[in-house]
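Only one structure is covered here, and it is reproduced in the block below.
The values are calculated or read from the model by the stated rules, or taken from the named source; none is laboratory data. Predicted model only: the values in this text are computed from it and were never measured. Neighbour counts are summed over all protein chains in view; Cβ atoms, including those assigned to glycine, are modelled from backbone coordinates with ideal geometry. What goes into the accessible areas is simple: the full protein's heavy atoms, side chains included, and nothing from ligands, DNA or RNA. Shrake-Rupley method; radii C 1.70, N 1.55, O 1.52, S 1.80 Å.
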Amino acid sequence: NVMSASIDKIKANQELADLTLALGCGSGSHYNDEALRYEKVIIMTDADVDGAHIASLLMTFFYQEMPGLIKNGHLYLARPPLYRITIGTNHFYAQDEKERDAIIAKNARANSKVEVGRFKGLGEMTPPQ
């Protein structure tokens, strides 16, 4: 957690150092938006509590060390679905239980087969999903 860590501890973290190097824009007072190698930085984690925790830690890092990344509209947070609903030959995706139930109520017919799958993580999903 960068909010409670010293600058030396942040710089010593290999994952954060690799991330900073890959983005190419520096951090802290050395941040340079023009040196950013990517137009968009997308945080995409699993759709569970662990993924939400990892995303919040990354957003905290960017907020503290690269606020220009946020101010200049480069940082995005992807929201992968938690559920895949198959009704007949149609596929739907839902973020949570409430959305899942609404999709089923709206699209299920009397004799249609409804299959609900819960994604455990992004590794289970195919690129089109």
The chain, relative contact order [Cα under 8 Å, separation at least 6], %: 21
Residues of the chain: accessible area per residue with a 1.4 Å probe, Å²: 68
The chain: most fluctuating residue of Thr86, Thr60, Thr45 per GNM, C-alpha cutoff 10 Å: Thr86
Rg ratio (alpha-carbon, reference 2.2 N^0.38 Å) - segment 61-129: 1.55
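Relative to the compact-globule scaling 2.2 N^0.38 Å, provide the ratio for the alpha-carbon radius of gyration of segment 1-72.
Values: Rg = 12.1 Å, N = 72, 2.2 N^0.38 = 11.2 Å.
Dividing the Cα radius of gyration by 2.2 N^0.38 Å gives 1.09.
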Estimated vicinal HN-Hα couplings, Hz - segment 60-75 in sequence order (Karplus 6.51, -1.76, 1.60; Gly, Pro = x): 5, 4, 5, 4, 7, 9, 9, x, x, 4, 7, 4, 8, x, 9, 9
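For segment 48-129, state which chymotrypsin sites (Phe, Trp or Tyr not before Pro) are in a DSSP loop and have at most 14 other beta carbons lying within 10 Å of their beta carbon.
Numbers: sites: Phe61, Phe62, Tyr63, Tyr76, Tyr83, Phe92, Tyr93, Phe119; in loops: Phe119.
Sites meeting the loop and neighbour criteria: none at all.
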Farthest toward positive dipole pole in segment 1-101 [+1 Lys/Arg, -1 Asp/Glu at C-beta], among Gly51, Phe92, Tyr38: Tyr38
Residue with peak Gaussian network fluctuation, the chain [Cα springs, cutoff 10 Å], from Ala94, Ala17, Ala105: Ala105
